[in-house]
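Note sheet for the following structure.
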Amino acid sequence: MLSTDDLLNLEYYKKDTFSGWINGMRFLVKKESQEDTGDSFHAWLWPGPFIFDLTEDEKKIDFTAPFTEEGKAQVVDWINEQYKTRGDLWNQEKKVLL
């Protein structure tokens, strides 16, 4: 499970994206800027084993939250909830690699 400390500080996202995996679940988190709504976090999840760019869009799910400490906590909560509730999706990587 992720904690808010795992997702680094807000300054990091002004320059780079953050990606990782938890037992078959891949994730990517980045900052996006919109003229009308301001800055936000955009997070994606997808089943492994492939990286984001090599995974079909149909296999990805996403979430957005405000670009604030509270928004970062929402992203962490969403990732953790998806990991718990969609376990069958993330376990596919283990089956593919066996």
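The values are calculated or read from the model by the stated rules, or taken from the named source; none is laboratory data. Quick caveat, the model's predicted, so the values are computed rather than measured. Don't worry about glycine lacking a Cβ; one is built from the backbone with ideal geometry, like all the others, and counts go over all protein chains shown. All accessible areas refer to the heavy atoms of the entire protein, side chains included, with ligands and DNA or RNA removed. Shrake-Rupley method; radii C 1.70, N 1.55, O 1.52, S 1.80 Å.
Remarks
- Among the conditions (1) open to solvent by 40 Å² or more (accessible area, probe 1.4 Å); (2) within 14 Å of the chain's Cα centre (by Cα), Y13 misses just one, which is (1).
- Tabulated pairs, the range 69-91, first modelled with pLDDT of 95 or more, second of a type in the set (F, W, Y), C-beta under 6 angstrom, 6+ apart or interchain: G71/F41; V75/F41; W78/F63; I79/F27
- Options L89, L8: the member that is out of contact with any helix residue (DSSP H, G or I) (no Cβ under 8 Å at 6 or more places or on another chain), of a type in the set (A, V, I, L, M), at positive phi and open to solvent by less than 80 Å² (accessible area, probe 1.4 Å): L8
- Strands (runs of 3 or more DSSP E) contained in the range 1-47 and holding at least 3 residues touching a residue at least 24 places away in the same chain (Cβ under 8 Å) and small (G, A, S): 38-47
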